[in-house]
Amino acid sequence: MDRIESYGKIDLHLHLDGSLPAETILGLARKDHIELAADTEEGLRPYLTARADCEDLNEYLRCFHIPQVILQTAENLRIASCELGRDLEEKGLSYAEVRFAPQLHVLRGLTQEEAVQAVLDGFCQVMEERRGRIRLKAILCCMRGKNCTANMETVLTAARFLGKGVVAADLAGAEGLYPTRDFGEEFALARRLGVPFTIHAGEADGPESIWKALEFGAVRIGHGVRAVEDEALMRELAQRGIPLEMCPTSNLQTKAVNSLTDYPLRNFLDRGIRVTVNSDNMTVSDTWAGKEFALLSREYGLTEEEAVKLLKNAKEAAFEM
């Protein structure tokens, strides 16, 4: 194992539905008699994992369809979150903030609260089994689109569960199609309720998306890659100590950056921006936090000193370490 891989102990940007292995999805589908596009792990993987030459974020997001079909009962959400937590602990992680959108799991009668409780039950089971070797927290995602009512319910749900396993809210989805500026109402409510939040920004949209997230009150930024295009924004991020949740493999797949040679992680580090390295989606991107560190070591020249700094940043940026 690459020594630097061992620094992948914390994952602050990890999606539940994008991180379920084919084995878990097949098992849940068979249990519920749900017909999938393939009935073997090998046959199913192309539907769950984005191509290395993925066209853009919108193509990347198509890989979430099958997991979302499966995760429509409390039992399946509990099993999925439990199996993910076990996998993370076995890989050596000590802390993870797992995000998901409860509004995407209500198609078969669950409420958003019931969906959240099911995921938290799975996390509690893992933490009890593993005797505290890993801590698992949840971030609840609002979704980009014309769904303000569902998003407002997500923020209210985050407030109800805050301190009870939920640590923050988020905004995810097709950033290029639904700009961040359109979601001010949701985060005004989050501020009133005292719910901290991160926002996916600067991935499929430019620096203006990050500026708007900061204006709303985001205390972390999901991805933030395109901040490199705006000198004033980089200074602002550094001065305010706003952490960036960067995800190298995912950022390459969604074309947020064209190659690792162009990856601005070191530029951000050198400017004093609190960069962290995360997996985003373990299945969709065929990765995990340690593998991201190994990739950066092998192909980006990440040094152990930089890896130490990234891990320190993650510890400090965690909502509830």
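The values are calculated or read from the model by the stated rules, or taken from the named source; none is laboratory data. Source: prediction; values computed, not measured. Every residue, glycine among them, receives a Cβ derived from its backbone with ideal geometry; neighbour counts consider all protein chains shown. These accessible areas exclude ligands, DNA and RNA; they are computed on the full protein's heavy atoms, side chains included. Shrake-Rupley method; radii C 1.70, N 1.55, O 1.52, S 1.80 Å.
Brief remarks on what is shown
- Breaking point among (1) touching a Gly at 6+ places or on another chain (Cβ under 8 Å); (2) without any contact (Cβ under 8 Å) to a residue 12 or more places away in the chain; (3) among the basic types (K, R), for R226: (2)
- Scanning the range 106-124 for residues that are open to solvent by less than 60 Å² (accessible area, probe 1.4 Å) and either of a type in the set (D, E) or not in a loop (DSSP other than H, G, I, E, B) (or both) yields a count of 8.
So that you can scan it fast, the table gives a plain yes or no per residue for (1) part of a helix (DSSP H, G or I); (2) touching a Pro at 6+ places or on another chain (Cβ under 6 Å); (3) open to solvent by 20 Å² or more (accessible area, probe 1.4 Å):
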residue	(1), (2), (3)
D286	no, no, yes
G290	yes, no, no
A294	yes, no, no
R298	yes, no, yes
L302	no, no, no
K309	yes, no, yes
A314	yes, no, no
M321	no, no, yes
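Residues checked against (1) out of contact with any Lys or Arg (no Cβ under 7 Å at 6 or more places or on another chain); (2) in contact (Cβ under 8 Å) with a residue 24 or more places away in the chain; (3) within 17 Å of D17 (Cβ to Cβ):
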| position | (1), (2), (3) |
| --- | --- |
| Q112 | yes, yes, yes |
| R130 | yes, yes, no |
| I134 | yes, yes, no |
| M143 | yes, yes, yes |
| V155 | yes, yes, no |
| L162 | yes, yes, no |
| G173 | no, yes, yes |
| P179 | yes, yes, no |
| T198 | no, yes, no |
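- Only one entry in T111, T40 is among the β-branched types (V, I, T), out of contact with any Cys (no Cβ under 9 Å at 6 or more places or on another chain) and more than 20 Å from A172 (Cα to Cα), namely T40.
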